[in-house]
1. Using the Cβ atoms and a cut-off under 14 Å, what net charge is assigned to the surroundings of Gly24, where Lys and Arg are +1 and Asp and Glu are -1?
2. Sorting Phe19, Phe61 on the 10 Å Cβ count, fewest up front, what's the list?
3. Given a Förster distance of 25 Å, report the FRET efficiency between Val11 and Glu102 from their Cβ-Cβ distance, rounded to the nearest 0.05.
4. Given H placed on each backbone N at 1.01 Å, which residues far from Phe28 in sequence or on other chains put an amide H within less than 5 Å of it?
5. Under a point spin-label approximation (7 Å from Cα along Cα-to-Cβ), what is the Lys53-Ile32 distance to one decimal in nm?
6. So how do Ile83, Ile89 line up by other beta-carbon neighbours within 10 Å, fewest first?
7. Kindly identify segment 2-107 as rounded, prolate or oblate by the Cα gyration tensor criterion: order the square roots of the eigenvalues as a ≥ b ≥ c, call it rounded if a/c is under 1.5, otherwise compare a/b with b/c, prolate if a/b is larger, else oblate.
8. What ranking do Lys101, Lys6, Lys53 get, fewest neighbouring Cβ atoms within 10 angstrom at the top?
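Since every read-out is calculated from the coordinates, none of them should be taken as a lab result. Note that the structure is predicted; figures quoted are calculated from it, not measured. Here the Cβ is made from the backbone with ideal geometry for all residues, glycine too, and neighbour counts use every protein chain on show.
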Amino acid sequence: MREVFKDLLAVDGVRGVVFFTPSGERVFEEFIIGGSEPAAVSDWYALVASLGKAREADLVFERGRVYVRRTADGVLVVVMGLIAPCAVIRLNCDILLPALKEQRSAKGIKRFFKR
């Protein structure tokens, strides 16, 4: 799973990524920031739930930003610094979400034969 998110995590300014199902089950979580524990997944899920049915949101806080992207397969939360290339982050999300869907839907012997 980390392989799908490695390009997004490598973008300057990205501090962490959380991906969870629409029901709130964490599928992937990785934070690059040190010194403090990341927020619990239930906290991220509560944040996303407060956004209603918004497909994407870019939230700006005093010490950073949070980009939220909702899909039919789940919700992607990208935690980043104040100065991070939003266009690059959105482009990475556009690329990785179909790859993530393909990886999650691969079942049985099909998962061993990558294109």
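1. Residues close to Gly24 contribute a combined charge of -2.
2. Phe61, Phe19
3. On the way: r = 22 Å, r/R0 = 0.86.
Once rounded, the FRET efficiency stands at 0.70.
4. Phe19
5. Label at Lys53, label at Ile32, 3.5 nm between them.
6. By the 10 Å Cβ count, ascending, the order reads Ile83, Ile89.
7. Taking the square roots of the gyration eigenvalues as a ≥ b ≥ c, segment 2-107 is rounded.
8. Least crowded to most crowded, the residues run Lys53, Lys6, Lys101.
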